[in-house]
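The values are calculated or read from the model by the stated rules, or taken from the named source; none is laboratory data. Nothing here was measured: the structure is a model prediction, and the numbers come from that model. Positions of Cβ are generated from backbone atoms using ideal geometry, with glycine treated the same way; all protein chains shown enter the neighbour counts.
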Amino acid sequence: MSDFQTSTHRERWIFQPQDLVNKWTTANRRSAEILAQYGTTRLKVDPVDGSISNPEPLPDHGTLVGSSSVKPLSCEEEQVMRIFYEQKIQEVCRAFKFPHKIQATAIIYFKRFYLQWSVMEHHPKHIMLTCVYASCKVEENHVSAEELGKGIQQDHQIILNNEMIVLKSLDFDLIVYAPYRSIEGFIDDMDDFCRAGNGAHQRLKDLHQTANSEVDTMMLTDAPLLYTPGQLALAALYKSNSALSVLDFERYLESVFSRQHFDCPVEQFIQIISSINHLVSQLQLPGTKEMRHADRKLKHCLDPSSSSHDDHKKKEKKSKHKSKRTASDAQLNS
Amino acid sequence: MGDGRGGGSNRPAWLQQYELVGKIGEGTYGLVFLARLKPTHPQAAGRRGSPIAIKKFKQSKEGDGVSPTAIREIMLLREINHENVVKLVNVHINHADMSLYLAFDYAEHDLYEVIRHHREKLNLSINQYTVKSLLWQLLNGLNYLHSNWIIHRDLKPSNILVMGEGEEHGIIKIADFGLARIYQAPLKPLSDNGVVVTIWYRAPELLLGAKHYTSAVDMWAVGCIFAELLTLKPLFQGVEAKATPNPFQLDQLDKIFKVLGHPTVEKWPTLANLPCWQNDQQHIQGHKYENTGLHTIVHLPQKGPAFDLLSRMLEYDPRKRITAAQALEHEYFRMDPLPGRNALVPSQPGEKIVTYPVRPVDTSTDFEGTTSLQPTQPPSGNGPPGGQPVPRQIPRQMQQPMGGMQRMPPGANMGAFGAAPQAGMVGMNPGNIPMQRGAGGQSHPHQLRRKADQGMGMQNPGYPQQKRRF
């Protein structure tokens, strides 16, 4: 779809920073309340109509009210987990040699999903895989759940089980616009702008590549929920150009603005670019210790019995724990 | 889009907002129902009792989740909004069997039925105004899609709906986006999606195995539909060579060449690069075709604008083929009668108004598509009016739940909303839903006729074989 202007992406999925904070806080609070009330955050799904309801109170929870040893994740810890699994999406997509677009779509799905849910309600590892799977379907690069599961030693049933909840949480708005294509467009345009000779061609190619990897990092920030793909692309190009000095960027921006209609003046646009790049510079990739801590907390929230050696429950969740170890722990320990 | 969180009954909350009227279609990937929004439901405000077509998608292949067909249709329709494109009103999930239900604004007619009515019931060609208005609206919707980089890839009369009486009477809605896709910067060659477009409406570049194709494939289909509106007969009725992954369809090409003459590299330079043209010297390159002349088939003066437009749509070289945008500007649309918004009601006074039959509804089914096993009513009650040579008993597969569907004859027509009405206003109605049709005194002269089309060849041998999908 060429028309971002009329897209659901523009209309419904670009937010103000405060909107994001509100949504995350709401989901986090809801989940913390459920934890306090029921002793677990694992939601109960009705097998008939798929409606989601609060968990069954744990049999021994009554005596523990107020003194539950299980603590909910904080908003910050949730963020750590999200970023960690967004990196995982990139890893999985690289391992499968998927085109960039698929990775970006999957990450945007993942971000949108967790605007409505806390990681305590749906384990991000499962959602991450399902987002990759859905992204492949939407981008006409179909990979079967089984193939995807096999490739990363995960139970593919988890992917399928979560497909509907993911699609529904996305409100079935499945077409997303990634900045990579915008970058391509701008590079072509810069080619004309520079009236590039052979040498400049190569330098624009380098700029293209650097900007692409800049966007890879940008995808791990909140920027894709706050700015349009065109804005993200220009921010990435701006930053890459400051390193490579291929062209006079401000003059280029002015030429773009003189040819096209924009919602804001150039000055404001430059402000946007610097806000985006500020977000990127603020990005903190989760450290091993931090992540392990959050992961352990999440495990207890989803399955409090894991801390009290409940064999019966353990057995039930066995496969999940096993797979979790292969995904996150292996990475964490490396 | 709400399938609400509440409720633990067997009927999910979202389902309760609809009153099921019955089944109106059935296809390889699901069923289509006619329903009405219950007046009590808050969402029904302002659209009280509006008819809704609900398309139920089965799961895709065993164990691979939501079918890509459903995904394509949803993702595209969520983004687009045009008077001549079907409107997706809602998406619902049935968690019990993980199926998706897509709710559309209901359209009473489709071009397949309109053409058929003229051919078989009226024995009268469609009037100039209606043909032109239908064509113009079809092009208008298509131009919108193409300018949004969407190729429909499955245009044919049964996928082009026409609104029944009401505010949008006589307006065309392009439907069934199950094969549609965005062709801007595809990650893979489009040909990877397998063979597309029902064979009769399939462009020659597809039949010759083009790896990349463009929106021009839709324009070829429009040309075929234009001719069909004029003559009431499909223009190129080839017999499909099945069970071959090869796109090459000799019989279909043969039908085309017989009418349009042999394509040449001079007229179509990239022809030489098409895989099947290179590989099949003997059959297609060797054979010399007489050009029988398109104009004699469509009975149009060769110098008139209508013929000019048609022949530009049926241009062999996809790069020379007229685009939807260009077609809308064609002289044909600037001369009398001018195209109008209500294609079914001619603007000139004195013109005879044709009343088209309403879609037949099978009321013996529930939303799952399972047929009630209660004893059937005698056909006299809701059966077809007399005089029609149609089978009276319930088709076998209708007596079975869901699974029976797969045994549909392969040539079955999938009509409007992507699946054709499937026979049979007989049987009880399990949900005790009031019969909306038939009892109201409205005439509906052809309920069972689709069955006759389904490979039985009862009414019109040679007309089935509408669709193949791989």
Index of the failed condition, A:LYS239 passing every other in (1) surrounded by fewer than 18 Cβ atoms within 10 Å (Cβ to Cβ); (2) not in a loop (DSSP other than H, G, I, E, B): (1)
Residues within segment B:149-182 that are closer than 20 Å to B:ALA70 by Cβ and either in contact with a Pro (Cβ under 7 Å, 6 or more places away or on another chain) or not charged (D, E, K, R) (or both), tallied: 14
Within segment B:288-331, tally of residues that are more than 25 Å from the chain's Cα centre (by Cα), within 20 Å of B:TYR144 (Cα to Cα) and buried (at least 16 other Cβ atoms within 10 Å of the Cβ): 1
Output for segment B:315-337, where each listed residue is out of contact with any Lys or Arg (no Cβ under 8 Å at 6 or more places or on another chain) and within 24 Å of B:ASP110 (Cβ to Cβ): B:ALA324, B:LEU328
Count of residues meeting criterion [more than 14 Å from every other protein chain (Cβ to nearest Cβ) and not in a loop (DSSP other than H, G, I, E, B)] in segment B:142-162: 7
Filtered residues of segment B:99-111 (kept if within 15 Å of A:PHE172 (Cβ to Cβ) and not polar (S, T, N, Q)): B:LEU100, B:TYR101, B:LEU102, B:ALA103, B:PHE104
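If you go through segment A:1-33, how many residues are within 14 Å of chain B (Cβ to nearest Cβ) and farther than 23 Å from A:HIS122 by Cα?
Selection size over segment A:1-33: 11.
From A:LYS137, A:LYS168, A:LYS150, grab the single residue that is basic (Lys, Arg), crowded, with 22+ Cβ neighbours inside 10 Å and assigned to a helix (DSSP H, G or I). Let's see the steps before the verdict.
Values: A:LYS168 fails: crowded, with 22+ Cβ neighbours inside 10 Å; A:LYS150 fails: crowded, with 22+ Cβ neighbours inside 10 Å.
Selected residue: A:LYS137, the only one of A:LYS137, A:LYS168, A:LYS150 that is basic (Lys, Arg), crowded, with 22+ Cβ neighbours inside 10 Å and assigned to a helix (DSSP H, G or I).
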Any chance A:LEU174 is within 16 Å of the chain's Cα centre (by Cα) and in a loop (DSSP other than H, G, I, E, B): yes
Residue match in segment A:177-195 (condition: within 14 Å of chain B (Cβ to nearest Cβ) and in a loop (DSSP other than H, G, I, E, B)): yes
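If only one of B:LEU134, B:LEU139 is part of a helix (DSSP H, G or I), over 15 Å from the mean Cα position of the chain (by Cα) and more than 14 Å from chain A (Cβ to nearest Cβ), which one is it?
Being part of a helix (DSSP H, G or I), over 15 Å from the mean Cα position of the chain (by Cα) and more than 14 Å from chain A (Cβ to nearest Cβ) holds for just one of B:LEU134, B:LEU139, which is B:LEU139.
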Search result, residues across segment B:73-98 that are more than 8 Å from chain A (Cβ to nearest Cβ), surrounded by fewer than 23 Cβ atoms within 10 Å (Cβ to Cβ) and within 20 Å of A:HIS142 (Cβ to Cβ): B:LEU77
Of all residues making up segment A:143-152, the number that are over 13 Å from A:GLU163 (Cβ atoms) and facing chain B (nearest Cβ under 8 Å): 1
B:LEU142 more than 24 Å from B:HIS212 (Cα to Cα), crowded, with 24+ Cβ neighbours inside 10 Å and either outside the structural domain of B:LYS55 (by TED's automatic domain parsing) or in contact with a Phe, Trp or Tyr (Cβ under 6 Å, 6 or more places away or on another chain) (or both): no
Meets criteria (at pLDDT 85 or above, more than 20 Å from the chain's Cα centre (by Cα) and part of a helix (DSSP H, G or I)) for A:VAL280: no
Single residue of B:ALA185, B:ALA203, B:ALA180, B:ALA210 found to be at pLDDT below 90 and away from every other protein chain (no Cβ under 14 Å): B:ALA210
Which listed residue is within 28 Å of A:ARG296 (Cα to Cα), among the β-branched types (Val, Ile, Thr) and at the interface with chain B (Cβ under 10 Å from one of its Cβ atoms), from A:ILE102, A:ILE159: A:ILE159
Residues of segment A:289-311 satisfying the condition of being surrounded by 15 or more Cβ atoms within 10 Å (Cβ to Cβ) and at pLDDT below 75: A:PRO304, A:SER305, A:SER306, A:ASP310
